[in-house]
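Novice: The following block contains the structure, expressed as structure tokens.
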């Protein structure tokens, strides 16, 4: 099967923990633009991107490192060092039931940047950046179709086009439907809004054969 090629684009423990939190907060509050640049580099996103262009389904397929369907088993938070500070992260453990490209069924961990203002009031300077607003937030127990990017050098990835590459799957009248964060706008399907999962995946398979 021919596949579309993706475009290349020391003290006590408690004092150490307190110091780390202070350093993180200082970095985020004093240098929000530097923090944003670090995030963009970590996700291998162009440095000028504070918003995301609309993508068609063809674009999602072309730029995906993995295309998988799975259930979120666990959500855990952490940090990773980059750009002179620590970037907040979230890791989603996913049970992959169906793989279209780049992975096999099984357990996959996807680590991405977390919204820095979640759980803290110290990051208000970052609210204006659409990038953080658009970061997909997966929920434990829910099922998704995901188009994920190639992990960066520090192991972070996201979904292609942020919310555009993250489809929640739900059943209605015995039919499985899939819809992304922008209500499937711009995908190039017959209409916007939730789409029959079988129709969507048939289109994906067709694109991957080209």
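Novice: Would you mind finding the one in 106, 186, 119, 124 that is surrounded by fewer than 16 Cβ atoms within 10 Å (Cβ to Cβ), modelled with pLDDT of 90 or more and more than 17 Å from the chain's Cα centre (by Cα)?
Specialist: Being surrounded by fewer than 16 Cβ atoms within 10 Å (Cβ to Cβ), modelled with pLDDT of 90 or more and more than 17 Å from the chain's Cα centre (by Cα) holds for just one of 106, 186, 119, 124, which is 106.
Novice: Kindly provide the set of residues from the range 149-164 that are outside any loop (DSSP other than H, G, I, E, B), under 10 Å from residue 55 (Cβ atoms) and within 8 Å of the chain's Cα centre (by Cα), ordered by number.
Specialist: As a first pass, look at the range 149-164 and keep what is outside any loop (DSSP other than H, G, I, E, B): 159, 162-164.
Remaining after also requiring under 10 Å from residue 55 (Cβ atoms): 162, 164.
Selection gives 162 alone.
Novice: Out of the residues in the range 78-93 that are farther than 25 Å from residue 170 by Cβ and within 14 Å of the chain's Cα centre (by Cα), which is surrounded by the most Cβ atoms within 10 Å (Cβ to Cβ)?
Specialist: Of everything passing the filter in the range 78-93, 88 is surrounded by the most Cβ atoms within 10 Å (Cβ to Cβ).
Novice: Any idea which of (1) more than 15 Å from residue 155 (Cβ to Cβ); (2) within 15 Å of the chain's Cα centre (by Cα); (3) at pLDDT 95 or above is the one residue 66 doesn't satisfy?
Specialist: If we test residue 66 against (1) more than 15 Å from residue 155 (Cβ to Cβ); (2) within 15 Å of the chain's Cα centre (by Cα); (3) at pLDDT 95 or above, just (1) comes out false.
Novice: If you don't mind, there's one more thing I want to ask. Output the number of the condition that residue 201 fails; it satisfies all remaining conditions of (1) at pLDDT 95 or above; (2) under 19 Å from residue 70 (Cβ atoms); (3) outside any helix (DSSP H, G or I).
Specialist: (3)
The values are calculated or read from the model by the stated rules, or taken from the named source; none is laboratory data. Quick caveat, the model's predicted, so the values are computed rather than measured. Cβ atoms come from the backbone with ideal geometry, glycine included; neighbour counts cover every protein chain shown.
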